[in-house]
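Data block below; observations after.
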Amino acid sequence: MRHNKNYNHLGRTSSHRKATLANMASSLVLHKRIQTTVAKAKALKMYVEPLVTKSKEDTTHSRRVVFSYLKDKHAVTELFRVIAPAVGDRPGGYTRILKTGFRLGDAADICIIELVDFNETYRAGVTASGSGKARTRRGGRGASAAAAGADVATGAEGDAATDASAAKAKKPATKKAAPAAGKPKAAPAPRAAKTSGSKASAGRSVATKKG
């Protein structure tokens, strides 16, 4: 039964599980990337990320607390001197899990767990795309959305100005032809008065009566 099973015990006793995670955390800190199963990687992520947060405050107390978990003085030195300055602006999420397939022996899910800020290939791609600055949890998305809205508005204004200039360029210039010198304009012919048939018959009848 799984009563009160709030985390993955990894099929080990408490002491064995702690030793496994301490060994894996030290390897991750020293090598920046290790290959393991998905279950162990998820347990390691919960184990090592609080230690990275603790390393942002370089004090004797913080070093002793981290050493009690890692059990390796070289890993502690690497964490405080190399990793902590690199992840100083990142508000959590220091590791990444990349699934790579299944193990041949027992078909277990295999993955690579790595420190996000030490993947040079990924960082080069992000820098080339122009979004190399890490986002923060507070206001980062709102600020980026406002900047995107301003860019869209500026682009719309530029498109409207371009369309107006193109329309002016396409419109042909029409000039009124000047009248030829020496040829006076002919006066328009007077129009004949129109009379309806009823008025003409009325005029004839009046003339007949008078005669």
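This table checks each residue for (1) assigned to a helix (DSSP H, G or I); (2) surrounded by 11 or more Cβ atoms within 10 Å (Cβ to Cβ); (3) without any contact (Cβ under 8 Å) to a residue 60 or more places away in the chain; (4) among the acidic types (Asp, Glu).
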{"residue": "VAL82", "(1), (2), (3), (4)": "yes, yes, yes, no"}
{"residue": "PRO85", "(1), (2), (3), (4)": "yes, yes, yes, no"}
{"residue": "ARG90", "(1), (2), (3), (4)": "no, yes, yes, no"}
{"residue": "GLY93", "(1), (2), (3), (4)": "no, yes, yes, no"}
{"residue": "LYS99", "(1), (2), (3), (4)": "no, yes, no, no"}
{"residue": "ASP106", "(1), (2), (3), (4)": "no, no, yes, yes"}
{"residue": "ILE113", "(1), (2), (3), (4)": "no, yes, no, no"}
{"residue": "ASP117", "(1), (2), (3), (4)": "yes, yes, yes, yes"}
{"residue": "TYR122", "(1), (2), (3), (4)": "yes, yes, yes, no"}
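Can you say whether THR53 is under 22 Å from ARG123 (Cβ atoms), among the hydroxyl-bearing types (Ser, Thr, Tyr) and part of a helix (DSSP H, G or I), as far as the supplied structure shows?
yes
Restricting attention to the range 48-60, which residues are surrounded by 20 or more Cβ atoms within 10 Å (Cβ to Cβ) and either of a type outside the set (Val, Ile, Thr) or more than 13 Å from ARG81 (Cα to Cα) (or both)? Listed by number, the residues that qualify are VAL48, LEU51, SER55.
Here THR95 fulfils each of the conditions (1) within 22 Å of TYR122 (Cα to Cα); (2) more than 31 Å from the chain's Cα centre (by Cα) apart from (2). Scanning the range 56-80 for residues that are part of a loop (DSSP other than H, G, I, E, B) and in contact with a Lys or Arg (Cβ under 9 Å, 6 or more places away or on another chain) yields one hit, ASP58.
Would you mind stating whether ALA134 is out of contact with any Cys (no Cβ under 8 Å at 6 or more places or on another chain), at pLDDT below 95 and surrounded by fewer than 11 Cβ atoms within 10 Å (Cβ to Cβ)? In short, no.
Results for (1) among the aliphatic types (A, V, I, L, M); (2) modelled with pLDDT of 95 or more, shown as yes or no for each residue.
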{"residue": "MET1", "(1), (2)": "yes, no"}
{"residue": "ASN4", "(1), (2)": "no, no"}
{"residue": "GLY11", "(1), (2)": "no, no"}
{"residue": "VAL29", "(1), (2)": "yes, yes"}
{"residue": "ILE34", "(1), (2)": "yes, yes"}
{"residue": "VAL38", "(1), (2)": "yes, yes"}
{"residue": "GLU49", "(1), (2)": "no, yes"}
{"residue": "VAL52", "(1), (2)": "yes, yes"}
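The values are calculated or read from the model by the stated rules, or taken from the named source; none is laboratory data. Being a predicted model, the structure only gives us computed values, none of them experimental. Because the Cβ atoms are built from the backbone with ideal geometry, glycine has one as well, and the counts that use them run over all protein chains shown.
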